[in-house]
Amino acid sequence: MQAEKQHTHKKHGFTGQIGFVMAAAGSAVGVGNLWRFPYLAAKDGGGLFILVYLILTFTFGFTLLTSDIAIGRKTGKNSIKAYGAMHPRWKFLGIVTFLVPALIMTYYAVIGGWILRYIAVYLAGQGQAAAADSFFTDFITSPGQSSLCAVLFMVLTAWIVFNGVEKGIEKYSKVLMPVMLVMITAIAVFALTLRHIGDDGVTRTGLQGLMVYLTPSFEGLTLKRFLQILLDAMSQIFFSLSVSMGIMITYGSYIKKDVDLNSSIHQIEFFDTGVALLAGIMIIPSIFVFEGVEGMKAGPGLMFVSLPKVFASMHVMGRLVGLAFFIMAAFAALTSCVSVLETITANCMEIFHTRRKPTTIVLTLIYTAASVIVALGYSFFYVEIPLPNGSVGQILDLMDYISNSFMMPFISMLSAILIGWVIGPSWITEEIEQGGRTFGMKYLYAVMIRYIVPVIMFILFLQSTGILNF
Ligand code: PHE
């Protein structure tokens, strides 16, 4: 009887700053930090890339993250309705923004499924088999195994979203994120202690690998090459911070008015950048020790092909480190995947006026089917699609290209124009200053959003369409 009286119609949200920061960092920290950042750092001159990346994160990444989070909290809505609330004529931008997570969701669980497969491998002690050249290809081209793993990852994601913001997303992020941070730190420290005599008789150590990672290399640096590094860093930042896809708008809409947005934003940036740097400290020295400098050019295959070879070279320890690495990667991918499904769910609930549980169930069914189709893109539905950047991809690469390379710069450019020139930067800065908080980088924000972001995004966009080619 007594329990009845507590019926309030409050919108569900994060309990406080820690819950929000952990969930947002959970979204930001993902596969991008673990393999894409180290791979780009190795390709783009080590310390030079890191330096460029750091400067851009705290200027440009900060501007985009601030915009999304403030839009979310100020309007209290998800992307589709939020842009309409900012300016009635700009509702289309909300719809375009919604399409990004809608596309990413078709393939993110497939990648999550790959990680689950490797956890199973190391649990079963099959690390040596996983080090074979064809292991990864054999796995993704086997229709049954790859679909099953994708579905499993989809179900895990759906379970968390099904339980809601506080009892699902916040609760799991608060556990998974600190655990993943401890694990990646431990593996990184371990990587620095490695030492191995290669086939060429040369002894290589983890600390030498660390120097390779951190030392800026200016070798063969031309203006053109520097621009390429700049663009690589820029597109990595958006992907890594999960900005310009409505995710941070949705998470922003769950923040209470008394939370300090300015400090939350800095904490998210530190978390995301810290994990990217740690991933580099872990991966680059390990590959350097066992495979030399050449091993680092593996690119996308780094995580699923090169690392298993490194773990195999560690013998007994390899099983443990391999297992720890993939569990940690699964946590990172899961909290990111959750943020994508949550954004789609929240938008649908808002548009169709539906409740969370049925909405999640319907979306899960749709995306399970989509994930299976994408997973089968390496077997039954194998295609070779030429992409504007000159590479050839399968369904997964196509989805990734459309959402990340093509749509995200376009969305950032338009929302910077909307904020900078139509409604004015103070629309955002007032929200950050709510309740008498200080916003130290207010002027930097205004300059970035009006002049720098639109121009750079335009260049990135031209590059993604293939019109501009470096
Ligand atoms: N931010 C994630 C990463 O760095 C990638 C991601 C993008 C996740 C979009 C979800 C949505 O890996």
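Legend: ranking of residues THR106, THR193 from fewest to most surrounding C-beta atoms inside 10 Å; resulting order THR193, THR106.
Based on the alpha-carbon gyration tensor of the chain and its eigenvalue square roots a ≥ b ≥ c, which shape applies: rounded if a/c is under 1.5, prolate if not and a/b is larger than b/c, or oblate? Because a/c hits 1.5 or more and a/b exceeds b/c, the chain counts as prolate. Calculate how steeply helix 408-417 sits against the longest principal axis of the alpha-carbon atoms of the chain, using the helix alpha-carbon long axis, and give the answer as 0 to 90 degrees to the nearest 10. Orientation of helix 408-417: about 40 degrees from the principal axis. Each part reduced to its alpha carbon centroid, the stretch 124-177 and the stretch 285-332 end up 18 Å apart.
Arranged by the count of other C-beta atoms within 10 angstrom, fewest first, what order do SER146, SER67 take? Show your work: numbers first, answer last.
Working: SER146 24, SER67 28.
Least to most surrounded, the residues fall as SER146, SER67.
Once you've got the Cα coordinates, tell me which of LYS43/LYS442; LYS224/LYS442; LYS74/LYS357; LYS174/LYS256; LYS256/LYS442; LYS77/LYS257 are over 23 Å apart. Before the final figure, lay out the partial values.
Values: LYS43/LYS442 34 Å; LYS224/LYS442 32 Å; LYS74/LYS357 26 Å; LYS174/LYS256 17 Å; LYS256/LYS442 21 Å; LYS77/LYS257 14 Å.
Listed pairs above 23 Å: LYS43/LYS442; LYS224/LYS442; LYS74/LYS357.
What shape does the stretch 127-190 take by its C-alpha gyration tensor, where a ≥ b ≥ c are the square roots of the eigenvalues and a/c under 1.5 counts as rounded, a/b above b/c as prolate, and the rest as oblate? Because a/c hits 1.5 or more and a/b fails to exceed b/c, the stretch 127-190 counts as oblate. In a fully extended conformation the segment linking GLN208 and THR354 would gain 46.9 nm over its present Cα-Cα distance, using 0.36 nm per residue.
When you count the other C-beta atoms within 10 angstrom of each residue and take the mean per peptide, 317-326, 446-455 line up highest first as 317-326, 446-455.
The shape of the stretch 298-358 comes out prolate: with a ≥ b ≥ c from the C-alpha gyration tensor, a/c is at least 1.5 and a/b beats b/c.
Ranked by the mean number of other Cβ atoms within 10 Å of their residues, highest first, the peptides 70-76, 216-222, 82-88, 284-290 fall in the order 284-290, 70-76, 82-88, 216-222. Placing a pseudo-label 7 Å from each Cα along the Cα-to-Cβ vector at ILE385 and GLU166 gives an inter-label distance of 4.1 nm.
Taking the number of other C-beta atoms within 10 Å as the exposure measure, put LEU194, LEU396 in order starting with the fewest.
Values: LEU194 21, LEU396 18.
Going from least to most buried by this count: LEU396, LEU194.
Placing R0 at 60 angstrom, the Cβ-Cβ distance between PHE58 and LEU148 gives a FRET efficiency of 0.90 after rounding to 0.05.
Every number here is computed from the coordinates shown, using simple stated rules; none is lab data. Just so it is clear, the structure is predicted and the values come from calculations on it, not from any experiment. Positions of Cβ are generated from backbone atoms using ideal geometry, with glycine treated the same way; all protein chains shown enter the neighbour counts.
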